[in-house]
Structures are given as structure tokens and as C-alpha cells.
Ligand code: PHE
Ligand code: ZN
């Protein structure tokens, strides 16, 4: 096996940079295959360190020339290889280095550095892409002021953009032109960006709280301008919200977003010039679903919020990635909660956390929110760093209270503006403001694994006390066999028979607030003056990202489902009832017996459906049963995806049959006849309507299928059309074939819509799906070169189709292994992301486990492998 470079990087080895860069002048002359880059760096020795050689990072670079202080360098004064430039004996004083390199953007299939997407020149520098453009100390603690001059053929690239403000532009001989951009804010190289191409533009303005006028521009493929309205609106709302919620004002005269069709991730927060995967910008009622609108709103906000959390204050090193990502996810989640429904957002986020982060944390790729070592940083843009990272910030707020939390944030912005900071510095701000010791809290950043909490309550009717026994276990994870107890903030209530909360009295006095903090392996709490037997409602709002086991009875759970004042735990109670049933039925089915119904669960769902004070979006989430992955996670070992699937199908049929009339009534009631609007309330009504449609069709009767095909045909928006198609996709009926064909014919000119068509087919839980997916890989709509196409078809199959990816014959694994190997030659980041679909292989039953292991070994043994894929498969197999 050959790997690109073996380089475990360790947090404990961090050393400050030997050399600092004051200013960078870039002169970029765009050419499809030979773009010239001249970088002028004003360097100076870092005053805090001892004399050292100058070592600049490179990646696949070819040097054309180099001068120092304007003089050519002697050939023996430096060494330049594709991945390094070294001056062994630089003068120990400030000096200027001018380096010319040539890069080929058309050959760049990794989509890191400078590349072309549908003809547009664009850059992606996070995490280590800048070194593919020029030699540079490519690490986030080297912050410099950038001036960028771009020149290009005016016909090919009439639009030339870079970070900061435009300071000059003009025409040049021979049909060329140029633009000069200056960004006054020092920044790390990973935030550099430039764009050149033929692009349409939508413009608006924003006046900041202090009265500064900011030009807002969204650049898209010409002809797509009419699909930018929602993104622009989301941007303006984000800018206002950050002023109000965090006191953060925008700081340049212009803010630009560019949408490109080839992008490895969702979007990138380059200073003043965010570059987006176009699927997170473009939307219209006819082309985008409610879920698409919601993602656009969240990602526009996320990238905008990075301007303060990530850009003004950046990360000292990549181990601190959660400093910007966890915090910024927290901020975008709060934004969405304020824009939409807080309860619904929380439930959606927790579902997502459990479906991805808990799974990662339970398998061989588990790592702490702040890792201590990495082989390849690209593999650490994970749900653990992002979503669990956000949970840690939320826990800080839960522990300190909202007002103190906000003061801590203010202190952080104040103290570290313009710096490259660490998690310790972030947490210290909250410790200083609150005068609390947060040392134990730091374990959340260092220990991987999802803590397992047991909460058992017991009521003593004679003494009128409720005794709560709590205990915690943090399971072993790779390289972390033994764990320290964590600090776990648990929002708690005691729910009386009428559904109201009983007062919380401890040691003779009312509790201040509702947060219980468990910081020992076990603890016992006694609530006094409890007038009646209460039902424990704990971890309200999912205040801590833990697995919780309680001794609540089915009857207790139904009380919470019907009455809990915390909507999260109302939803959770139904999920817990359903999960208990599903796990029981999996066991029965595996033993060759029949699955059994649960009338109590059906009654709880009926009660939720009948409660017209509830938001439709909440009802829709409550009616959505735990996924196959949820069941697999609950069972934890020797997982048989077919049995999980059958148990879930059985339950959906039960609900569709037993609640038929109320679901039909709900389906009718949720059609309001108003023209489509993407707002949260209307989206919630559609969500409930479409959940009802889907459950009604679950038993497979003609009426349900007819209703779905009817909705498919008459829909006037993509949400309703896709929902109907998705319902049909689960049934092997002629209407499905007809609708899939019709969908392709309607939308084949629009790749982002065809992605939905690819995904839907990849997720069909039938044995013919693998062949279908295989043949779709040679469909003209598909391309291995475009990450969105790959993720929509192959990624959806691997990550979203539990029964078919995990086929007992191993053919699903073999197909994905082949795809990983093929992709790895073009785009290692996309390939390694796909390889993470194997992350739960050890939890499978033995036959599948062997098949998956064989597929992983085959990848590992390939003659050439990127560092990215090598890292994932070797950790998966370890
Ligand atoms: N920093 C980006 C974000 O989360 C994600 C990203 C990482 C994009 C690496 C591209 C490359 O906002
Ligand atoms: Zn981010």
C-alpha cells in the first residue's frame, strides 16, 4: 500500500510559527490550463521564537521563479519541491519573497485550490488548499492582510472577485482585463478566495445597525438569477439577527456569495466572498422543497455567522476546528429556532444528531470534539466536530444561563478579535464571566463517546418524596478505554396527573431553575413535598447529548406524550414508546414469530393528532417513526437490517390502518389552497399533510396509491410533488414507474432536481435497487466528476438505504468499495466521505460483518490510495 504522506499530526506538538506574514500581494493571471500566480510575501521572524529556516507548504506546485527583496535567489539558497519550499538560512529580519508558480485549474479534479466549475474559475482553500495555489505557511495561526489582483480574458471571465473591497479595475490589451481587491482584515490563508467567470448577479443592500451601507451580491450561472430571492432574504435576516442576538455587525462594504455547481462541501465562509454549492443557494417553489428552503436559510446564515466566529476570531490550529464550527452551528441553530419553531428545530436537530453523530461516536471512527491526533484533517469535518460541538456550546448556555452566556460571548469577541484562538481561551471567557470552574466541562472536548445515563425515579407516597437515582457511564472509544465522569446538565420536571409541573423542592427550598447537574459517576437527589406520584421528565430540550434510560412505564410515557410542558420530551415520549415496540418486534421477527401491535402507542398518536393546539410540523415529527438506523443504534450489536426494516414497515402499516380515518381527515385539513409560500407555518402544514399521505399509503391499498399519484400530478410545488413521488417510491406499483419517468421528462434539464430523482431511486428498499443504481451510473444525467451527482446517487444508496447497502450477499458493500476506489483517483475527499458509510460495520450480524470487512480490506489493499481514504479505512478496520 502506498499513501501520499504518512503524517500523524498531534495537538501536543503544536508550536507557534517561526515566521509571520504581514502582507500578501497575489497577482493571478487566469488561464484554463496554465494560470500564473505571483505571490509577494512580506515575512518577518516571529518575535517569540528562535531563529529558524523558512519552510513554506506546497501541494503539487511547480515553481517558475523566486526573488528575495527584488533580487533573484541563488540556486543553492533554496529547495523547491512540489510540496515544500525551504530557505535554509533566511536573514533573521523582515524581508520580501516573491514566488511565481503555475497551476492548471482544468486538471484539478480534487476541487481543492484553484479549479474550474462549469467554466468558472473558483478556489477552495479550507483546510489546506492554499498551498495548491502558492507556497505559503498554510496554517491558520499565520494571519496576513491580502491584496489580490486578478487578470483574465474579458470574454471568458468578465466577473473577477476576491476577498475584501474592490479598489481598482480596468481593461488591458489583447482583450484582457483586471481587478484589484483588498481585504483589510488579517486572515489565515484558508479564508482566501477568488472567482472569475461569466456569472449573473442579484444585488441588494443592507444597512447595518450603526448605519453603514453594505452592498450584497449573489452570483450565479446566468439564467438562474430568479432563483436567488430566498437566499438573499435569508442573508439579510441573518445579518440583522447577528446584530440583535450577538451584537455582531458586518465589517466590509460588500458581501458576496458565489454559487458553483462543483463543490466538495456545502459552502465556504471566505472573508467577504462566500462560495456555495449551488444547491444551497438556488430555490424556487417549482424547483425546491421546503427542506431545501430550510437548508438554504440555515447554510446562508451559517456561513455569514462565520464572519465573526471563524474569520474575525479564527482557530489557532486545526485541532480547534470546533471552535469555529461547533459555535457557528450553534449560532445557525439558534437563528433557525428564532425564524421558525424552536421546538420543531430542536427535535429536528436531535434526530439528526442521533442519526449521525451518535452513530459515529459508537463506531471505529469515534473521536473527541477536539481530536488529539489526525492523519488527514479533511476527515475531521465531521458531525462530531460540528453537531456535537454545537451541543457543547448549548450546554454551556444551559449551565450558565442565557444572560451570563451572552456576556461570556461578548468577552470572547472582545478579548480575541483578530486572533487565532483555542478552545481553552473560549471556555476561559465563560469561566471568567461566571466565576465558575469549567475544568470538568473541558472533558466534553477531550473524551469521545456518548455518555449513557440511567435515571430511575421512585415515589414514596407516605413521605411525599420522589427519589431520583442518576448514574453515568462513558463508553470506551478508540484509544480511550477509560473515561472520567462528565458534567451533565439535565433539565428536569416532575409532571403531575393533570399534566402540570409540580414544584421542585430540594433540601427544604425551591430549586433555582430546572437544571440538575450530574458530575459524579452516580448521585441521588430527593425532591420533597411532592404531593402526588409524578412522572419524571428529564433531559428536557435534550439539554445534554446523552443516551438516557429511565424506568418510566408505558403509562408514564403516555402521560408525557399527552401533557409534558416541554415539547421535546412530548415528542421523545412517543419515540421511546415506538422504539421499545420496534426493538421487541425485531426480536419476535428474528425468532420467526409475528410482530405485535401496541394499542397504547396508537392511542398516543391519535391523541397527538387530535390536539389542535399543536403545530402541524410538530405533529408530523411525532408521527414519523424511528428510522431503521434508530432501531439499529438502539439494538447496538448483531444488527440485522432486514428485521429492522420489517418491524418498521409493520408499525407504519399499523398506523396507516388503525388511524386511517383521522389521517384522511388530517390530509384534507392540511390542504389550505393558498399559493405556495416557503414560510415555516405553511411548510409545517405540508409536512403534516405529506406524512399523512405517506402513512395512508403504507398498507399498500389502491386508495392510498391513487391519492399519491393524484397529488403527484396536481402538485403546484416541488415539496408536494416530491413527497408524493417519495411515497410512491416505496411501493412496487406501475404508478411508480410512470411517475419516475414523468419526473425525469419534466426536469431533465435541471441537474439539482434530477439529483432528487437519483436519490429517490437509490433509496428504494427493494432487492432490485442495486442493479438500478448501477445502471443509473451510466445514465446521461449522472457524472462521477460532480460531487452532488455522486452524493445523490451513490452516497444516498450507501448512507440512506440500510437494507440494500447491507445486502446479505455483500454486493452492496462491493459496489461501494468499487465506487470508493474509482472516485479516489479523482476526488479523495468525496471518496473518503463515501467510505465512512462502513462506519457501523462492527455492529452488524456476523455474515454481513464478514462481507463488510472484506470490502474494507479490498479498499485498504489497493495499490494506490489517497491519504484521505487510507485514513478512514485503516481506522475503520483497526
Ligand atoms: N468551513 C465550511 C463550513 O462549515 C465547510 C468546509 C470545509 C467547506 C472544508 C469546504 C472545505 O462552513
Ligand atoms: Zn462552518
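The values are calculated or read from the model by the stated rules, or taken from the named source; none is laboratory data. If you're wondering where the values come from, they're calculated on a predicted model, not measured in any experiment. Cβ placement follows ideal geometry from the backbone for every residue including glycine, while neighbour counts extend to all protein chains displayed.
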Condition set in a loop (DSSP other than H, G, I, E, B), out of contact with any helix residue (DSSP H, G or I) (no Cβ under 9 Å at 6 or more places or on another chain) and closer than 18 Å to residue 276 by Cβ, scope region 117-136, selection farthest from ligand 2 (Cβ to nearest atom): answer is 119
Of (1) surrounded by fewer than 24 Cβ atoms within 10 Å (Cβ to Cβ); (2) closer than 20 Å to residue 369 by Cβ; (3) within 15 Å of ligand 2 (Cβ to nearest atom), residue 317 fails just (3)
Selection from region 448-463 of residues under 28 Å from residue 478 (Cβ atoms), out of contact with any helix residue (DSSP H, G or I) (no Cβ under 7 Å at 6 or more places or on another chain) and outside any strand (DSSP E or B) yields 451
Of the residues in region 365-392, those that are surrounded by fewer than 23 Cβ atoms within 10 Å (Cβ to Cβ), within 14 Å of residue 832 (Cβ to Cβ) and more than 16 Å from ligand 2 (Cβ to nearest atom) come to 374, 375
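Here is a yes/no grid of residues against (1) under 35 Å from the mean Cα position of the chain (by Cα); (2) farther than 30 Å from residue 374 by Cβ; (3) buried (at least 22 other Cβ atoms within 10 Å of the Cβ):
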{"site": "67", "(1), (2), (3)": "no, yes, no"}
{"site": "76", "(1), (2), (3)": "no, yes, no"}
{"site": "80", "(1), (2), (3)": "no, no, no"}
{"site": "101", "(1), (2), (3)": "yes, no, yes"}
{"site": "117", "(1), (2), (3)": "yes, no, yes"}
{"site": "163", "(1), (2), (3)": "yes, no, yes"}
In region 320-340, anything away from ligand 2 (no atom under 15 Å from the Cβ), touching a residue at least 60 places away in the same chain (Cβ under 8 Å) and touching a helix residue (DSSP H, G or I) at 6+ places or on another chain (Cβ under 6 Å) is listed as 340
With the first residue restricted to region 796-825 and required to be in contact (Cβ under 8 Å) with a residue 60 or more places away in the chain, and the second required to be part of a loop (DSSP other than H, G, I, E, B), Cβ contacts under 6 Å at 6 or more apart or on different chains are 803/765
Subset of region 253-306, residues touching a residue at least 40 places away in the same chain (Cβ under 8 Å), within 16 Å of ligand 2 (Cβ to nearest atom) and closer than 21 Å to residue 346 by Cβ, comes to 296, 297, 300, 301, 305
Within region 310-333, the residues that are within 11 Å of ligand 1 (Cβ to nearest atom) and either modelled with pLDDT under 95 or closer than 17 Å to residue 240 by Cβ (or both) are 332
Picked from region 363-419 (must be closer than 30 Å to residue 492 by Cβ and either assigned to a loop (DSSP other than H, G, I, E, B) or at pLDDT below 95 (or both)), the residue farthest from ligand 1 (Cβ to nearest atom) is 401
Is it the case, given these coordinates, that residue 359 is within 16 Å of ligand 2 (Cβ to nearest atom) and part of a helix (DSSP H, G or I)?
no
